[in-house]
Amino acid sequence: MENIVLVIHLILAICLIAVVLLQRSEGGGMGLGGGGGAGGGLMTGRQAATALSKLTWAFATAFLITSVTLTILAAQNSATTSVLDRIGTSAPADGAATDGTTDNAPAADSLLPPALGDAPALPPRAE
């Protein structure tokens, strides 16, 4: 269910970006874009809603609905305890020994060559 809503959410995001980029700039807030001239750039309180602006509102509303739905689904699937609370209390996984090694992995000492396994970490210092 969560994957279906996520795919719809991503499709809506792409459609919303495309519809916004297709719209013509009306020049508003910072005086950028739009046309100059006598009365050509004035913003009126009652503008006719174009098909692109209606489509933008529809995509934006659907995008917000899928965002809230994904948040609710994520909250339902989350654990009730913190990750920090679960550290150290989990049992070893299947096939794991109690010393931290698994049945398939070799021990750490067996990875070193025999000559290096018995040698001291640093040679004695000559004075």
## Note on the structure
Full extension between A58 and I4 adds, at 0.36 nm per residue less the Cα distance, a length in nm of 17.5 nm
### HN-Hα J in Hz across region 13-25 - Karplus 6.51, -1.76, 1.60, θ = phi - 60°, x for Gly and Pro
5, 5, 5, 5, 4, 5, 5, 5, 6, 6, 6, 7, 5
### Query
Want the number for L84 to V20: 0.36 nm per residue separation, take away the alpha-carbon distance, what's left?
18.7 nm
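We did not get these values from a lab; they are worked out from the coordinates using the rules stated. Since we're looking at a predicted model, the values are computed, not measured.
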